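Quick notes on the structure that follows.
The values are calculated or read from the model by the stated rules, or taken from the named source; none is laboratory data. Everything numeric in this text was worked out from a predicted model, so none of it was measured. All Cβ positions, even for glycine, are placed from backbone atoms using ideal geometry, and neighbour counts span all protein chains on display. Surface areas here come from the heavy atoms of the whole protein model, side chains and all, with no ligands, DNA or RNA. Shrake-Rupley method; radii C 1.70, N 1.55, O 1.52, S 1.80 Å.
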Amino acid sequence: MAVVFFSFTEANRHTVAKIKGRAVNNKYPNLDFKVQDLLKRWDTEDEVVIRQAITKSIKGTSRTIVFVGKYTHKSIWVREEVEMTLERDKPVYAIWLKEESGVSPKCLTQNGIKIYSWSEERLQQLATK
């Protein structure tokens, strides 16, 4: 079974938590993969601690999926997660969150990463291809 790292901004935490719940719940057969992420809230702004947490979470995953919303382009941590994934020669995919739009993050455009339109079917394809 695929193990995927989820990258997202704080503004989209609640939505991504719901998606993760569906991906790991047998009652939602459209999504079937394991997730590693940083959904746990951090009580630190120490960049070293945060980078260590990202490194630990990305380890053992086959790819990263970036959930793109209105403010994702402003996130330094999404950029870090994308760069850290690519440095490990793993693919990065991006998908718009349902009913969200905005500016494409530079880290995606600079690396030729397409942002797909939202659907559970598309998410499943990105997680397992």
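List of remarks:
- Most to least packed among 74-80, 116-122 [average Cβ atoms within 10 Å]: 74-80, 116-122
- Taking 24 Å as the limit for the C-alpha separation, the pairs Lys34/Lys106; Lys34/Lys70; Lys20/Lys56; Lys18/Lys129; Lys90/Lys129; Lys27/Lys129 exceed it in the case of Lys34/Lys106; Lys34/Lys70.
- Largest GNM mean-square fluctuation across Leu108, Leu97, Leu86, computed for the chain with C-alpha springs under 10 Å, falls on Leu86.
- Accessible surface for the chain, divided over its residues, is 58 Å² per residue with a 1.4 Å probe.
- Amide H to amide H distances under 5 Å link Ser7 with Ile65, Val66, Phe67, where only residues 5 or more positions off or on other chains count and H is placed in the peptide plane.
- Between His14, Ser57, Gln125, the Cα set farthest toward the positive side of the dipole of the chain (charges on each charged residue's Cβ, about the Cα centre) is that of Gln125.
- Rounded FRET efficiency, nearest 0.05, which uses the C-beta distance separating Ile76 from Glu99 and R0 of 22 Å: 0.30
- Compared with the alpha-carbon gap, the fully stretched path from Val48 to Arg13 is longer by 10.4 nm at 0.36 nm per residue.
- Highest-fluctuation residue, Asp32, Asp46, Asp89 considered, GNM on the chain with Cα pairs under 10 Å: Asp46
- Extension gain (nm, one decimal) between Asn26 and Lys129, 0.36 nm per residue minus Cα-Cα: 35.1 nm
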